[in-house]
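The values are calculated or read from the model by the stated rules, or taken from the named source; none is laboratory data. All values derive from a computational prediction rather than experimental measurement. Only protein heavy atoms, including side chains, enter the accessible area calculation; ligands, DNA and RNA are left aside. Shrake-Rupley method; radii C 1.70, N 1.55, O 1.52, S 1.80 Å.
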Amino acid sequence: MNLGNKITKLRKKEKMSQEILANKIGVSRQTISNWELGETSPNPEQLLLLSKTLETSVDNLLGNQTVFKDNTGKYNYIHI
């Protein structure tokens, strides 16, 4: 899932309109729309504000996987 889709999904999960999310992070509603459509991307500071507002990690927003080794030495992947 790309960043725009993640923002849309998490925003709707939190029951926020684009306008409300925009007000919370100090951008315009059109900026949120552009991010969700993949036309532009948030800068690092905006990405951090998004993660806090949407109650998720930056890694989750960016689609990064968390990898860890269990006690048997097997690698495990967490898709967040």
Taking a ≥ b ≥ c as the square roots of the Cα gyration tensor eigenvalues, with a/c under 1.5 meaning rounded and otherwise prolate when a/b beats b/c or oblate if not, region 1-63 comes out rounded
accessible surface per residue for the chain, probe 1.4 Å, DNA/RNA/ligands not counted, whole Å² -> 66 Å²
Heavy-atom accessible area of the chain with neighbours in place, 1.4 angstrom probe: carbon+sulfur share in percent works out to 50 percent
Note on the chain: contact order normalised by length, alpha-carbon pairs under 8 Å, 6 or more apart, percent, works out to 26 percent
So the angle from the long Cα axis of helix 44-53 to the longest Cα principal axis of the chain, reported in degrees to the nearest 10, equals 90 degrees
